[in-house]
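Below you'll find the structure, written out as structure tokens, and then a few comments.
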4 protein chains.
Amino acid sequence: MAGSAVLGLGSIVRVQQSQPPAALLEDLTAAYRVLAQEGVLDGFGHVSARHSLSPSRFIMSRSLAPELVTSGDLLEFDFDGNALNAAGRALYSERFIHAEIYRARSDVRAIVHAHAPSLIPFGVTDVPLRPVYHMAAFIGSGVPIFDIRKQFGGTDMLVSDAPKGQALARTLGDKTCVLMRGHGVVVVGSTIPIAVGRSIYLELNARIQTQAMALSKNVTYLDAEEARRVMDAGENRGYERPWELWKMKAMGK
Amino acid sequence: MAGSAVLGLGSIVRVQQSQPPAALLEDLTAAYRVLAQEGVLDGFGHVSARHSLSPSRFIMSRSLAPELVTSGDLLEFDFDGNALNAAGRALYSERFIHAEIYRARSDVRAIVHAHAPSLIPFGVTDVPLRPVYHMAAFIGSGVPIFDIRKQFGGTDMLVSDAPKGQALARTLGDKTCVLMRGHGVVVVGSTIPIAVGRSIYLELNARIQTQAMALSKNVTYLDAEEARRVMDAGENRGYERPWELWKMKAMGK
Amino acid sequence: MAGSAVLGLGSIVRVQQSQPPAALLEDLTAAYRVLAQEGVLDGFGHVSARHSLSPSRFIMSRSLAPELVTSGDLLEFDFDGNALNAAGRALYSERFIHAEIYRARSDVRAIVHAHAPSLIPFGVTDVPLRPVYHMAAFIGSGVPIFDIRKQFGGTDMLVSDAPKGQALARTLGDKTCVLMRGHGVVVVGSTIPIAVGRSIYLELNARIQTQAMALSKNVTYLDAEEARRVMDAGENRGYERPWELWKMKAMGK
Amino acid sequence: MAGSAVLGLGSIVRVQQSQPPAALLEDLTAAYRVLAQEGVLDGFGHVSARHSLSPSRFIMSRSLAPELVTSGDLLEFDFDGNALNAAGRALYSERFIHAEIYRARSDVRAIVHAHAPSLIPFGVTDVPLRPVYHMAAFIGSGVPIFDIRKQFGGTDMLVSDAPKGQALARTLGDKTCVLMRGHGVVVVGSTIPIAVGRSIYLELNARIQTQAMALSKNVTYLDAEEARRVMDAGENRGYERPWELWKMKAMGK
């Protein structure tokens, strides 16, 4: 009985260690719905968060359209892409995007993968995506493009194993996002609101830049110092102001 | 009374043979509403499904705006465009699009005809619609254009009889879709979710390609091998993930 | 008492003569809301219908944002722009658009005046609006442009008196619509659904044509015979199919 | 007790002097929601109104996403950007935009600051924003561009102190709006509906002008006399007609 109590305690301790805080699960569920609501995700794409208590784990939904995700759909993954509590549920085939970026970037605590229409053109042309206004200062140091064909030849375009995830993470480097040629984008952040906010304003910046370039060949972008100063000043206050709004609308509260 | 019972039984048997499964009718009703919800159909256009138990028949709504279709509006047609249970209700004049494609393509089990605005430009210019991202790999082998004027001269633009339907089916050939000059598009698939999913992503691909071409003259499309590999890998998993979402939203559940 | 009864009867007879049928008022109210719902009208613009029993009168709302119009806001006007039952309520200053077109065109029974954004560019450039698909066959014979400056010099751009209305009606001629430079558009039809349907598809055609011209310098439009045959075949069946949908959605039924 | 009564009375008198009329607070709350509803504001941006009884004060929300603002969030500010009743609540860092424009422009009674996507391109290119239709006659005398870099060098792009606010106010001059390079726009008016209406139609005009310029190099704008006459005629009747609609929709009544 004491042993059982010890085991029970051990079990409780282990659960306390691995079970992510409710606030994290709530924010991650909201992130799925916010990104669908704001047109960054449609029936495809996903968002994940690093486990705040087990930093070599991350949380992501089972294979499901973002708008339908509830906290009960969130699974825990290790960096080899194994789900620890899938119970037979289908997984996103591109979970290796998340796994390998968390492995490579200890500063990253949230990752979005999307196919937002306005971003695709910047991955398939020679036109670099640049910050046309202060809301996109986070791309002041550039947006790399990952072309899966270069290293892997003819593929089904999906980052569906560890080597492809690692190649993507290498292309991302220390940047805030990476375009995937003929596929989509990956955006990272140190919090869920930052990864979500960057995804939303990256998409907006792409639309604005497209329109600006249609108007004129002479477009003035934020310069490197301006972009850096916006980031140093707190990058849109960590998106806390719109996050409150987005979450309230997405969760129907 | 025995005779009546026999007749009744015969009638029941016949109904059991020809009555399409409830799941097919439910999915077809959902398809009308999903395509309206996603902006592929407006007050015009239609979608059909091959009868799963009577493969030389297909199911389509009576003449009605897509968003209003319920299962009670679905009629059964033969390949000559005759409705078997119209009971005087008006029919879509372009039902011959569906009849002749089902006749010509035994692999096709669902067909969408739409006037989606972003697709029209690719039918009236010399710019081919090409897969700008993996979601549109199904057009990797090209999108033919049907110009009704070539064979039929000055018309009211409608594919409203068998010869026009046959000409359209010939232009479609073995492809997944065909643009109709100055009119719209026809998209086919081996299931309702595939025909619907292709219609939605064809429209998105057209918007993205238009934006990419506005940005630069150098646009990189999926190459033939990439497109084929996406298809071989299951073409977006048969659209099962977004279909669950689309259907839930369209049916208000 | 008999005299009173006679007066009462006379009054009833007069009301029966001038009171438009309830169906007309219902359709006109719906037209305001449909056009707002479909993005043709915003807080400005208006739609009118010729009085079916008093053909030298027309019905239009008091000065009110279209989305707010109810049957109680509909007033009766003569061709001099006088409201017969305004009871002090404010009137649209541009009612002369409607008055003078009804006076000049006995075939017209419904008129829409709108500022739809996608149409404005075709009124301020040298690019003619042309039918890029069969849904816009009604502009197969061309869209004239009314430039108020030519006859009236510097103005506040409004067609706010009879001479300006007459000049606009002359520019319209026997066409289905007329663009107003730096202002908007007027669309006419022989029924409310036709005027509304044309307005909606004119706006769509403008968007499609803009995109087609961005893609290529070689755009194929409906030719004159095709446009004529679409019209002869019933012009989209008089828009009865989408009208049922639009009205149901706009009236919340 | 008498002293207490006197103090109480003094307090009441002071409150009566400084408390803005309920109608002003209601309209300002509505303005936040209308501008979000119409796509001019997203999670950022703000609108203010001059205090109708204390003209050297203005009213603005605490730091909050526009769509969430209620009358309880409205604070009173002096022209140095001090909030008089913040009670520790966070403030918009760019309140100096409002303070310095109210100080410089006694005719201004309402100010909007927004990042509307369609306006950004006109602040980062050499293409002037011009009135393409009568709804934007209020920019007939031109739209100046404020480039913070010219006077302040490398910054975080925010107008977050008095000197920057004063520089912005100087660039605005006597105009109705000013674009901010790589940032957004400020729109002013003599009433809340006018500042809101101008913001909405400025955004629409930008979209229309972008499309018109894509169609043709020859775009005809309102000329100076036309723009002036539209303004002299009451500038869209002070936007009273759409304001009634916008407010009703935004406040859910």
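The values are calculated or read from the model by the stated rules, or taken from the named source; none is laboratory data. Fair warning: this is a prediction, and the values are worked out from it, not measured in the lab. Positions of Cβ are backbone-derived with ideal geometry, glycine not excepted, and every protein chain shown enters the neighbour counts. Note: areas computed on protein heavy atoms with side chains; ligands, DNA, RNA excluded. Shrake-Rupley method; radii C 1.70, N 1.55, O 1.52, S 1.80 Å.
Listing for the model above:
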item: Qualifying residues in the stretch C:51-62 (those that are among the hydroxyl-bearing types (Ser, Thr, Tyr) and open to solvent by 20 Å² or more (accessible area, probe 1.4 Å)) - the one nearest to D:MET248 (Cα to Cα); result: C:SER52
item: The stretch B:130-152, subset more than 18 Å from the chain's Cα centre (by Cα) and part of a loop (DSSP other than H, G, I, E, B), residue nearest to B:ALA227 (Cα to Cα); result: B:GLY140
item: Residue that is nearest to the chain's Cα centre (by Cα), among those in the stretch D:223-245 that are open to solvent by less than 20 Å² (accessible area, probe 1.4 Å) and within 7 Å of another protein chain (Cβ to nearest Cβ); result: D:PRO242
item: Of all residues making up the stretch C:127-150, the number that are in contact with a Cys (Cβ under 9 Å, 6 or more places away or on another chain) and of a type in the set (A, V, I, L, M, F, W, C); result: 4
item: Extreme residue, surrounded by the fewest Cβ atoms within 10 Å (Cβ to Cβ), among residues of the stretch A:88-142 that are of a type in the set (Asp, Glu) and within 14 Å of another protein chain (Cβ to nearest Cβ); result: A:ASP126
item: Selection within the stretch B:84-110 - more than 16 Å from B:GLY45 (Cα to Cα) and either at pLDDT below 95 or part of a loop (DSSP other than H, G, I, E, B) (or both); result: B:LEU84, B:ASN85, B:ALA86, B:ALA87, B:GLY88, B:ARG89, B:ARG105, B:SER106, B:ASP107, B:VAL108, B:ARG109
item: Evaluation of A:SER71 against (1) more than 12 Å from every other protein chain (Cβ to nearest Cβ); (2) in contact with a strand residue (DSSP E or B) (Cβ under 8 Å, 6 or more places away or on another chain) (one fails), failing number; result: (2)
item: Selection count where residues are among the aliphatic types (A, V, I, L, M) and either over 27 Å from A:LEU28 (Cα atoms) or modelled with pLDDT under 95 (or both), scope the stretch A:111-128; result: 2
item: Residues (more than 14 Å from chain A (Cβ to nearest Cβ) and either open to solvent by 10 Å² or more (accessible area, probe 1.4 Å) or among the aliphatic types (A, V, I, L, M) (or both)) located in the stretch B:185-222; result: B:VAL185, B:VAL186, B:VAL187, B:VAL188, B:SER190, B:THR191, B:ILE192, B:ALA195
item: Selection count, the stretch C:1-41, where residues are part of a loop (DSSP other than H, G, I, E, B) and either modelled with pLDDT of 95 or more or hydroxyl-bearing (Ser, Thr, Tyr) (or both); result: 4
item: When residues of the stretch C:149-184 are limited to those that are at the interface with another protein chain (Cβ under 9 Å from one of its Cβ atoms), free of Cβ contacts under 8 Å to residues at least 40 places away in the same chain and at positive phi, the one surrounded by the fewest Cβ atoms within 10 Å (Cβ to Cβ); result: C:GLY153
item: Which listed residue, of B:LEU35, B:LEU74, is in contact with a Gly (Cβ under 8 Å, 6 or more places away or on another chain), farther than 19 Å from C:ARG237 by Cα and open to solvent by less than 30 Å² (accessible area, probe 1.4 Å); result: B:LEU35
